[in-house]
Amino acid sequence: METTYFGTLDDGHVINKYTLINRQGMVVSAINYGGVITEIIVPDKNGNMDDVVLGYDNLDGYLNDSNYLGAIVGRCANRIAGAQFEIDGRTYWLSKNSGNNSLHGGKNGFNKKIWHIQEKKVREGNALRLTASSLDGEEGYPGKLNMEILYILTEKNELIIKYSAVCNKKTVVNMTNHAYFNLSAGQTETITEHLLQVNSSFYLPLNEDFVPQGTFNPVEKTDFDFTLPKHVGKVLTSKDSQIVLAGGIDHEFLVSSSLKPVVRCEEPNTGRVLEIYTSEPAVHIYTGNFLQSGQSDKRGVTFQKYSGLAFETQHFSDSVHHKNFPSVLLTPGQQYFSETKYCFSVKL
């Protein structure tokens, strides 16, 4: 592990960048602010190494970022309607940061937390071990939560993320990582030419507040059907009311753990391929519909609509209000666990 200085917060906290490199030259870097993944450097079909995640080259970029670039999000990913939920008849009120809803853990979610990072060797390879605590009442959530997250770099050019947590009071937990991928590594400014395939037969339609309606709609004969590879750009111009509402894809797809990847994404010009496997029941796919931030990235290019693709593996949004969704409740004595594997390769 290499450690380099990245910046200092106003309160004096030093932010460092921690870097893992495997024998193939693949690089994974993260900072202790938000657990942000700042770099994933992988080869293209010609062996050229370049960075395939959006981000900044300075701390101020992440401090001013509103798009959760590369960050750990929680305590509960995506939206909770009305910023409230009940456990055992008691209502808990969360901070509102998306209209009347709570988004990605609230105003000061895990994306703004200072994580302790150290190197750890695990069976699969070298890892960054991130630990932090979320106190009882933080952003309105009940119970103290102790979290451990592993960023594991394997010799097969895989990044494995393992999330675990324990609590001392009943609470809700649904963590994910919000990295945005552009597999062209900046050769194209948008992801419209990326080929996307999703191993899913159902997606969750949204209401006008971008909260799931609670139903599972079949993808068959809709523009949400990615069971065969197709260019992302062809979907972004769809007249489908759901795509028009979101300005693109900003939806969850029902997936199942299997030997097949739940997502396969290919950038034809560079030949880079990303395949994703997960223990989670859903992947929230976001085509960067609101990325126009006026901020410049680490290449000096201003973010624009569709600059990157996010694949948020998680339980369903707003699960606390839908009994037909898998539960996100965590009780004392249980351990929350989630695993997602990002496999990088090339198509020659």
When residues of the stretch 316-340 are limited to those that are among the small types (Gly, Ala, Ser) and in contact with a Lys or Arg (Cβ under 8 Å, 6 or more places away or on another chain), the one surrounded by the fewest Cβ atoms within 10 Å (Cβ to Cβ): SER338
Residues of the stretch 161-186 that turn out to be touching a strand residue (DSSP E or B) at 6+ places or on another chain (Cβ under 7 Å) and over 26 Å from LEU291 (Cα atoms), as a count: 10
Report the residue count in the stretch 140-156 for those that are surrounded by 18 or more Cβ atoms within 10 Å (Cβ to Cβ) and either modelled with pLDDT under 95 or under 23 Å from VAL273 (Cβ atoms) (or both). 4
Could you check GLU158 against (1) in contact with a Phe, Trp or Tyr (Cβ under 8 Å, 6 or more places away or on another chain); (2) among the charged types (D, E, K, R); (3) free of Cβ contacts under 8 Å to residues at least 40 places away in the same chain and say which number it fails? (3)
Subset of the stretch 297-315, residues surrounded by fewer than 18 Cβ atoms within 10 Å (Cβ to Cβ) and either within 18 Å of TYR141 (Cα to Cα) or without any contact (Cβ under 8 Å) to a residue 12 or more places away in the chain (or both), comes to GLY300, THR302
Yes or no: THR3 farther than 23 Å from ASP250 by Cα, free of Cβ contacts under 8 Å to residues at least 12 places away in the same chain and either aliphatic (A, V, I, L, M) or not in a loop (DSSP other than H, G, I, E, B) (or both)? no
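Does SER29 satisfy being of a type in the set (Ser, Thr, Tyr) and surrounded by fewer than 23 Cβ atoms within 10 Å (Cβ to Cβ)? Even if it seems obvious, please write down each step before you answer.
Values: of a type in the set (Ser, Thr, Tyr): yes; surrounded by fewer than 23 Cβ atoms within 10 Å (Cβ to Cβ): no.
No: the conditions fail for SER29.
The values are calculated or read from the model by the stated rules, or taken from the named source; none is laboratory data. If you're wondering where the values come from, they're calculated on a predicted model, not measured in any experiment. Note that each Cβ is placed from the backbone with ideal geometry, even for glycine, and that neighbours are counted across all protein chains shown.
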